[in-house]
Amino acid sequence: MKKIVALAHVMLAGLSACVVSPSHREHAPLDEQRVSAFADTINGKAVKLFTLRNKSGMAVEITNYGATLVSIHVPDKEGQVENVLLGYDDIKGYYTGKSYFGCVVGRYANRIAHATFKLDGKEYHLPQNDGMNSLHGGLNSIDKQVWDARIMNDAIRLTTVMKNGDNGYPGNVKLTVVYSLRSDNSLVIDYSATTDQSTVLNISNHAYFNLSGDPSNTILDHEIKINADAFTTVDSTLIPTGEIKKVAGTAFDFLSFKKIGKDIDQPDQQLIFGKGYDHNFVLNARSETIAAVEVMDKNSGRKMEVYTTQPGVQFYTGNFLNGSEKGRSVAYEQRTGFCLETQQFPDAPNQPQFPSTVLKPGETWKSQTIYRFSTSK
Ligand code: GLA
């Protein structure tokens, strides 16, 4: 059966000039060898690589392991299609990877101070996996689980359940992530979640982008514009201090396009704590029509716009990459990728002045983030 499916994929890949049904064409793999490099079974659950394609030449590979974005192939200004994501060459890389390449992070993306919080008078204790703090939901969280997957027309729907007590968090939470690809080269991520007990929730995607298409280049020459008048300052362990600081006049002012590298090495205490940018920006707009962030790589002519309904975005400049993780024959060095993790604010369960991250039974939490690609000469 496996052989027949594999053969069918090879045939579909070669059939671009022939008539194939749209759903087949939309999910044809980029490369048959990659499909087998990402095929596995964990505890009886199949791990697979899925591909979304559109008619404008964009293709997105996704695995149901960690609901992970494996690659995003988009054209440059000359029409050359290249992968703008950092990732590993096979599924094993994702099993052992420590940098959260492309995965969905939760139950609480980002940090919770001292790995503890109080909810409804009860104290909860989480694993300390980032010094004293808890990072990205703890150990073996949703980024290391096999999700259930369903292929839809131009989308993949992934679901998982975070069990009551998993990593110390209360409540059984059902989480759904839908990745859809639009014809205008937008990758849309729709998240939704419900719970059977009060809990805290912060869900994000941790994709690392390098718009040059060549991750041996750093991202320091990319230009970025972040529609945020303020950011949340952090202490030396990257926990918010509670201060919401205006960006004006600081290295954090990206209100107009500025090279990522322009101020990154300034002797600014916040940049020293982060080893570069690793901060939550307080977005001015939560909208499908006003960009939260825009990034341009002038050499390739690629541009990415980010739209989100979330209140914040973690701008992280790959400061902890150190060449120990590899993909596409490249060792990913410091600052060869940037993340724009749309999110609630870090440590909000301990900081009542931040927007609430509590989810109660009977409520449905929803959010949407769009990464839209285009080019200019
Ligand atoms: C997030 C954090 C960073 C780092 C990365 C993973 O973006 O804010 O500090 O932990 O995840 O390496």
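Scanning the range 360-367 for any residue that is closer than 15 Å to residue 202 by Cβ, crowded, with 16+ Cβ neighbours inside 10 Å and touching a residue at least 24 places away in the same chain (Cβ under 8 Å) turns up at least one such residue. Among the residues of the range 109-157, those identified as among the hydrophobic types (A, V, I, L, M, F, W, C), under 20 Å from residue 205 (Cβ atoms) and surrounded by 22 or more Cβ atoms within 10 Å (Cβ to Cβ) are 109, 112, 135, 142, 147, 156.
If you go through the range 80-98 one residue at a time, do you hit one that is surrounded by fewer than 18 Cβ atoms within 10 Å (Cβ to Cβ), part of a strand (DSSP E or B), of a type in the set (Val, Ile, Thr) and at pLDDT 95 or above? Yes, the range 80-98 contains a residue that is surrounded by fewer than 18 Cβ atoms within 10 Å (Cβ to Cβ), part of a strand (DSSP E or B), of a type in the set (Val, Ile, Thr) and at pLDDT 95 or above.
Being among the polar types (S, T, N, Q), over 22 Å from residue 294 (Cα atoms) and without any contact (Cβ under 8 Å) to a residue 40 or more places away in the chain is the filter here; which residues of the range 234-277 pass it? Show your work before the answer.
Let us first name the residues in the range 234-277 that are among the polar types (S, T, N, Q), namely 236-237, 241, 250, 256, 266, 269-270.
Filter once more, keeping what is over 22 Å from residue 294 (Cα atoms): 236-237, 241, 266, 269-270.
Across the range 234-277, the qualifying residues are 236, 241, 266, 269, 270.
Among the residues making up the range 269-286, a single one is basic (Lys, Arg) and away from the ligand (no atom under 13 Å from the Cβ): 286.
Quick one: in the range 269-280, of everything that is part of a loop (DSSP other than H, G, I, E, B) and out of contact with any helix residue (DSSP H, G or I) (no Cβ under 8 Å at 6 or more places or on another chain), which residue is surrounded by the fewest Cβ atoms within 10 Å (Cβ to Cβ)? Explain how you work it out, then say what you get.
Keep residues of the range 269-280 that are part of a loop (DSSP other than H, G, I, E, B), which gives 275-277.
Still in the running and out of contact with any helix residue (DSSP H, G or I) (no Cβ under 8 Å at 6 or more places or on another chain): 275-276.
Working: 275: 15, 276: 22.
This residue is 275.
Reported count of residues in the range 317-337, each being of a type in the set (Phe, Trp, Tyr) and either surrounded by fewer than 17 Cβ atoms within 10 Å (Cβ to Cβ) or in contact with a helix residue (DSSP H, G or I) (Cβ under 8 Å, 6 or more places away or on another chain) (or both), is 1.
Conditions (1) in contact (Cβ under 8 Å) with a residue 24 or more places away in the chain; (2) touching an Asp or Glu at 6+ places or on another chain (Cβ under 9 Å); (3) within 18 Å of residue 138 (Cα to Cα), marked per residue:
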residue: 158; (1), (2), (3): yes, yes, no
residue: 165; (1), (2), (3): no, no, yes
residue: 176; (1), (2), (3): no, yes, no
residue: 182; (1), (2), (3): yes, yes, no
residue: 186; (1), (2), (3): yes, yes, no
residue: 191; (1), (2), (3): yes, no, no
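The number of residues in the range 229-268 being within 16 Å of the ligand (Cβ to nearest atom), surrounded by fewer than 14 Cβ atoms within 10 Å (Cβ to Cβ) and either among the acidic types (Asp, Glu) or more than 20 Å from residue 351 (Cα to Cα) (or both) comes to 1. Report yes if residue 319 is within 16 Å of the ligand (Cβ to nearest atom) and assigned to a loop (DSSP other than H, G, I, E, B), otherwise no. Yes: the conditions hold for residue 319. Checked against (1) aliphatic (A, V, I, L, M); (2) surrounded by 23 or more Cβ atoms within 10 Å (Cβ to Cβ); (3) more than 30 Å from residue 124 (Cβ to Cβ); (4) within 14 Å of the ligand (Cβ to nearest atom), residue 340 passes all but a single condition, namely (3).
Looking at the range 287-304, which of the residues that are part of a strand (DSSP E or B) and under 21 Å from residue 366 (Cβ atoms) is nearest to the ligand (Cβ to nearest atom)? First the steps, then the outcome.
At the first step, the residues of the range 287-304 found to be part of a strand (DSSP E or B) are 287, 293-297, 302-304.
Of the ones still in play, those that are also under 21 Å from residue 366 (Cβ atoms) are 287, 293.
Details: 287: 23, 293: 15 Å.
Selected residue: 293.
Residues in the range 322-369 that are of a type in the set (Gly, Ala, Ser), part of a loop (DSSP other than H, G, I, E, B) and under 13 Å from residue 110 (Cβ atoms): how many? Don't jump to the end; show me each part of the working.
Taking the range 322-369 first, the residues of a type in the set (Gly, Ala, Ser) are 323-324, 327, 329, 331, 337, 348, 356, 362, 367.
Checking the rest, the ones that are also part of a loop (DSSP other than H, G, I, E, B) come to 323-324, 329, 337, 356, 362.
After this cut, where a residue has to be under 13 Å from residue 110 (Cβ atoms) as well, the list is none.
Of the residues in that region, 0 qualify.
Please verify whether residue 314 is assigned to a loop (DSSP other than H, G, I, E, B) and under 15 Å from the mean Cα position of the chain (by Cα), treating the condition exactly as stated. Against the criterion (assigned to a loop (DSSP other than H, G, I, E, B) and under 15 Å from the mean Cα position of the chain (by Cα)), residue 314 does not qualify.
Across the range 75-112, the number of residues qualifying as within 15 Å of residue 326 (Cβ to Cβ), away from the ligand (no atom under 16 Å from the Cβ) and free of Cβ contacts under 8 Å to residues at least 24 places away in the same chain comes to 1.
The values are calculated or read from the model by the stated rules, or taken from the named source; none is laboratory data. Worth saying up front: this structure is predicted, and the values here are computed from it rather than measured. Note: ideal-geometry Cβ built from the backbone for every residue, glycine included; neighbour counts use all protein chains shown.
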